[in-house]
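Participant: Here it is, the structure, as structure tokens.
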Amino acid sequence: MPALTGPLTAEEVLDREFLEIRAKILEVAAALDRLDRASGSVAADERRRQIDAAIAILHTSDPDRSERVQRQFSLPYLEHWREQFQIDTRRERQA
Amino acid sequence: MYYIDPHIHMLSRTTDDYEALARMDCVAVSEPAFWPGLDRQNSESFYDYFRHLTEFEPARAAKYGIQHYSWLCVNAKEAENLSLSREVLSFLPEFLNRGNVLGIGEIGLNKNTRNEAIVFMEHKELAIRHDQLILIHTPHLADKLRGTRMILDMLCDDQRIRRERVLVDHAEEHTIRPALDAGFWVGMTLYPTTKCTPQRAADLAERYGTDRLMVNSAGDWGPSRPVAVRDFIFEMRRRRHSESTIRRIVYDNPVQFFSQSPAFQAPIATEDGPA
């Protein structure tokens, strides 16, 4: 799976994306403000915790930030799901 | 640039959308069987649905010069109903020799339940028995990672499965690598809010290359853009990727994968597109 060489330079990407990134960050900031202004509290809501954890990932310099954000919003894989479901998924090659 | 949309639910779209697709140089679509928005109450509804996918839609598409192919199954959401699923599977094979059927799909998981897994396995048996290609639906949102891994487990545990004949769809950043590493084809769905945006799909193409990779609109009755593959082409051009690189993903790869089915007739293509 050879990766493609990205033809754009970092400066070109930033020139192109700066206003979009700015706008998206503003949307997130405004949504969090909206949550805070609203009556009641979602402090104990798991989704609120997920949002904070996802934002924390953005502060890192890891090249896999988008994948890590995805995992933050995902249920974990259960290694023993076959046993839990009592399903035998193994099938041999036909002769 | 001529292209193929390998996953779109035209049943849910208007004829105007066929015209828009044709104007955007879409030359072929493939339409997997899916959930219509409510659970069907009897197997006869599926019988009519399969007739629709194999009779009405190909004729409607042909009026706009678009080839229409289909995939048949009980979708993962309705697969929770075991008895209904088995009724449908009992007559599904009689549709497999219709001229536009590429295989079994989109099968997969929805909420990752035991019943869904059982029906997935039974579809897999059917595909193997009838030597059909397989199109995989991976779950939505929080269920996607777990469900995709479970699906890959079921496929990889079966030594009879020829992985080059399976397309794992709706891949995103956290699921694309295991599917490609295992040797399957991978689809990325371009949706406005869920799944992949054209920009993120282009990122994944840059990271993982063009081998065994496709993009689709999965246009349906929900928020979706039937011409979204064009948005991907536009994004790749903005990034100055070559026309041959883009064409590989939006045309050559679908042709290569679909050509494994005798039902598929590739549009005759030149450098500029089909003749």
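Participant: Rounded, prolate or oblate: which fits segment B:172-258 when a ≥ b ≥ c are the square roots of the eigenvalues of the alpha-carbon gyration tensor, with rounded for a/c under 1.5 and prolate only if a/b beats b/c?
Facilitator: In terms of gyration-tensor shape, rounded.
Participant: Sequence-distant or interchain residues sharing an amide H contact under 5 Å with B:Cys26, placed H: which?
Facilitator: Sorted by chain and number, the residues that satisfy this are B:Tyr3.
Participant: Kindly write out, for segment B:103-120 in residue order, the coupling ³J(HN,Hα) from the Karplus curve 6.51 cos²θ - 1.76 cosθ + 1.60 (θ = phi - 60°), rounded to whole Hz, with x marking Gly and Pro.
Facilitator: Karplus values, whole Hz, x for Gly and Pro: x, 9, x, 8, 9, x, 10, 10, 9, 6, 9, 5, 4, 4, 5, 4, 5, 4.
Participant: Further question on the same structure: Is the protein assembly as shown rounded, prolate or oblate when judged by the Cα gyration tensor, a ≥ b ≥ c being the square roots of its eigenvalues, rounded requiring a/c under 1.5 and prolate requiring a/b larger than b/c?
Facilitator: oblate
Participant: Pick out, from A:Ala29, A:Phe73, A:Thr5, the residue whose Cα sits farthest towards the positive end of the charge dipole of segment A:1-82, with +1 on the Cβ of Lys and Arg and -1 on the Cβ of Asp and Glu.
Facilitator: Positive-most Cα among the choices belongs to A:Phe73.
Participant: Determine the calculated [θ] at 222 nm for the protein assembly as shown from helices alone, applying -39500 (n - 2.57) to every DSSP H run no shorter than 4 residues and normalising by the residue count; nearest 500 deg cm²/dmol.
Facilitator: Rounded to the nearest 500, it is -12500 deg cm²/dmol.
Participant: Got a sec to turn the phi values of segment B:19-36 into Karplus ³J(HN,Hα) couplings, 6.51 cos²θ - 1.76 cosθ + 1.60 with θ = phi - 60°, whole Hz, x for Gly and Pro?
Facilitator: Whole-Hz 3J(HN,Hα) from phi for segment B:19-36: 5, 4, 4, 4, 5, 8, 6, 7, 9, 7, 10, 10, 10, x, 5, 8, 8, x.
Participant: Continuing with the same structure: Give, rounded to the nearest 20 debye, the magnitude of the charge dipole that chain B has about its Cα centre when Lys and Arg contribute +1 at Cβ and Asp and Glu contribute -1 at Cβ.
Facilitator: The dipole of chain B has a size of about 500 debye.
Participant: While we're looking at this one, here's another question. Would you work out which of B:Thr245, B:Ser259, B:Ala33 lies farthest towards the positive end of the dipole of segment B:3-267, given +1 charges on the beta-carbon of Lys and Arg and -1 on that of Asp and Glu, about the Cα centre?
Facilitator: Most positive-ward Cα: B:Thr245.
Participant: Using amide H atoms built in the peptide plane, which far-off residues or other-chain residues are under 5 Å from B:Thr138 H to H?
Facilitator: Sorted by chain and number, the residues that satisfy this are B:Asp169.
Participant: Moving to a separate point now. Tell me which residues come under 5 Å, amide H to amide H, from B:Val101 once H is placed; ignore anything under 5 positions away on its chain.
Facilitator: Here B:Ser70 satisfy the definition.
Participant: Among residues other than B:Thr194 whose Cβ falls under 11 Å from its Cβ, what is the net charge (Lys/Arg +1, Asp/Glu -1)?
Facilitator: Result for the local shell: +1.
Participant: What are the principal axis extents of the Cα atoms in chain B, in Å, biggest first?
Facilitator: The principal-axis extents, from largest down, are 51, 39, 33 Å.
Participant: If you don't mind, there's one more thing I want to ask. Computed FRET efficiency, Cβ-Cβ of A:Arg37 and B:Asn97, R0 45 Å: what is it to the nearest 0.05?
Facilitator: Once the sixth-power term is evaluated, E becomes 0.15.
Participant: Sticking with this one: Name the residue farthest towards the positive end of the dipole of the protein assembly as shown from the options B:Ser45, B:Trp71, B:Thr194, assuming +1 on Cβ of Lys and Arg, -1 on Cβ of Asp and Glu, about the Cα centre.
Facilitator: Positive-most Cα among the choices belongs to B:Thr194.
Participant: Still on this structure, I have one more. Need one number: nm distance between label points at B:Gln159 and A:Ala10, each 7 Å from Cα along Cα→Cβ, rounded to one decimal.
Facilitator: So the two model labels end up 5.0 nm from each other.
Participant: Rounded to the nearest 20 Debye, what is the dipole magnitude of the protein assembly as shown about its Cα centre when Lys and Arg each give +1 and Asp and Glu each give -1 at the C-beta?
Facilitator: In total the dipole reaches around 240 debye.
Participant: A follow-up question, please. Determine ³J(HN,Hα), in whole Hz, for all residues of segment A:5-19 in sequence, where each value follows from phi through the Karplus function 6.51 cos²θ - 1.76 cosθ + 1.60 and θ = phi - 60°; x replaces Gly and Pro.
Facilitator: 3J(HN,Hα) across segment A:5-19, in whole Hz: 6, x, x, 7, 7, 4, 5, 5, 5, 5, 4, 6, 9, 3, 5.
Just so you know, all these numbers are worked out from the coordinates, no wet-lab data involved. Keep in mind it's a predicted model, so treat the numbers as computed, not measured. Using ideal geometry, Cβ is built from the backbone for each residue, glycine included, and neighbour counts are taken over all protein chains shown.
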